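Written below as structure tokens is the structure these notes are about.
The values are calculated or read from the model by the stated rules, or taken from the named source; none is laboratory data. Note that the structure is predicted; figures quoted are calculated from it, not measured. Positions of Cβ are generated from backbone atoms using ideal geometry, with glycine treated the same way; all protein chains shown enter the neighbour counts. Surface areas here come from the heavy atoms of the whole protein model, side chains and all, with no ligands, DNA or RNA. Shrake-Rupley method; radii C 1.70, N 1.55, O 1.52, S 1.80 Å.
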Amino acid sequence: MDYERYRRPPVNRWTPAMIRRAAIAGALVLVGLVGLFTSYYTVAPEEEAVVLRFGRYSKTTSPGLHFKLPFGVDRAIKVPVTEVRKEEFGFRTVEAGVRSSFSRSDSEAIMLTGDLNIAEVEWVVQYQIKDAKDFVFHVLDQEQTIRDLSESVMRTIVGDYTVTEVLTRKRDEIAVKARDDLQRRLDEYRMGVRIVTLKLQNANPPVSVRDSFNDVNAAQQERNQLVNEAEREYNKVIELAEGQAKRQISQAEGYAVERTNEAKGDVARFNELLDIYKRSSEVTRRRLYLETLEEVLPKVQRVMVVDSDGVLQHLPLAGGAR
């Protein structure tokens, strides 16, 4: 028996109208999902978001959940404002404690000093973004701009110092000046960047002349040491001579005061004695005579007496005359 003759043809449940309605519904659902997922954004605690509307600046938002116009009308650019970024000049750090031999870093480090010598200067710049809007809008390539400005500032400042100052005692001063000048230049560009620190890592003469420079530096240090020793001895002798001079002057002044006071005392005693002598001359004369004998006779060891016949007699006075 042929059953194929009695089988019903398959029924098509999806008519063209139904397909159109389903496509429209699916498109609407898809549009709704896209609109939902593009209508909000989240800003991390270390970030700020610069919101653009049709490509123009609209606002800057703080960390948290925010809503915006969907379908790309509003676009949020997240900027890490608390992150401390670092740029290295004259060297590159591959990993902690390991530097790379990068040819570009060698050219960055070589600089001409004020006394027409050459020094290799390595430094590090650390910075933060202080204004997200300025950082996004005013400079196209922010990192390269910072590198170019930093290198320009450092070369200018190093050119104002001698090679000895760059390599030794003026390094901190150079770093401070470079930081201030770089910050001023960045503010002129309105980059919205704040320099956290600028530090000189190393400053050395070129490798080809490093040994000769070290010899010269050692000779200069030896010379300075000898000069310091000579100045120390000079100061020691001068201080000793000045001390002796002041002591002698003080002694002379004290002796002068002492003699002056003694003279004044003698004058006062003489005037007093003169008044007494005027009132009783005979008694005063005898008293002075006796007082003089009392002062002189204890010092006499021998007494020689000549009598009326011209005979010289020797009177030993043991222990002095009484």
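For residues in region 181-212 being farther than 30 Å from Gln142 by Cα and either aliphatic (A, V, I, L, M) or open to solvent by less than 50 Å² (accessible area, probe 1.4 Å) (or both), which is modelled with the lowest pLDDT? Spell out how you get there, then give the answer.
At the first step, the residues of region 181-212 found to be farther than 30 Å from Gln142 by Cα are 205-212.
Then keep just the ones that are either aliphatic (A, V, I, L, M) or open to solvent by less than 50 Å² (accessible area, probe 1.4 Å) (or both); that gives 205-207, 209.
On the way: Pro205: 83, Pro206: 78, Val207: 77, Val209: 74.
Per the criteria, the residue is Val209.
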When every residue in region 113-166 that is among the small types (Gly, Ala, Ser) and part of a helix (DSSP H, G or I) is compared, the one nearest to Leu186 (Cα to Cα) is Ser150
Cβ pairs under 9 Å, 6+ apart or interchain, first in region 162-175 and within 10 Å of Leu200 (Cβ to Cβ) and touching a residue at least 12 places away in the same chain (Cβ under 8 Å), second of a type in the set (Lys, Arg) and surrounded by fewer than 19 Cβ atoms within 10 Å (Cβ to Cβ), ordered by first then second residue, are Ala175/Lys199
* Asked: Is there a residue being over 19 Å from the mean Cα position of the chain (by Cα) and surrounded by fewer than 17 Cβ atoms within 10 Å (Cβ to Cβ) anywhere in region 169-180?
  -> no
Of the residues in region 28-82 that are open to solvent by 60 Å² or more (accessible area, probe 1.4 Å) and among the basic types (Lys, Arg), the one that is nearest to Lys130 (Cα to Cα) is Lys78
Arg20 meets each of (1) at pLDDT 75 or above; (2) surrounded by 11 or more Cβ atoms within 10 Å (Cβ to Cβ) with one exception, condition (2)
If you go through Arg75, Arg56, the only one that is of a type in the set (D, E, K, R) and without any contact (Cβ under 8 Å) to a residue 24 or more places away in the chain is Arg56
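Is it the case that region 194-207 has a residue that's among the basic types (Lys, Arg) and part of a helix (DSSP H, G or I)? Steps first, answer last, please.
Step one: list which residues in region 194-207 are among the basic types (Lys, Arg), which gives 194, 199.
Those left that are additionally part of a helix (DSSP H, G or I): none.
No.
Name the residues in region 219-236 that are small (Gly, Ala, Ser) and either closer than 18 Å to Thr164 by Cβ or under 27 Å from the mean Cα position of the chain (by Cα) (or both), would you?
Scanning region 219-236 gives a single hit, Ala219.
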* Asked: Out of all the residues in region 234-253, is one or more open to solvent by less than 70 Å² (accessible area, probe 1.4 Å) and outside any helix (DSSP H, G or I)?
  -> no
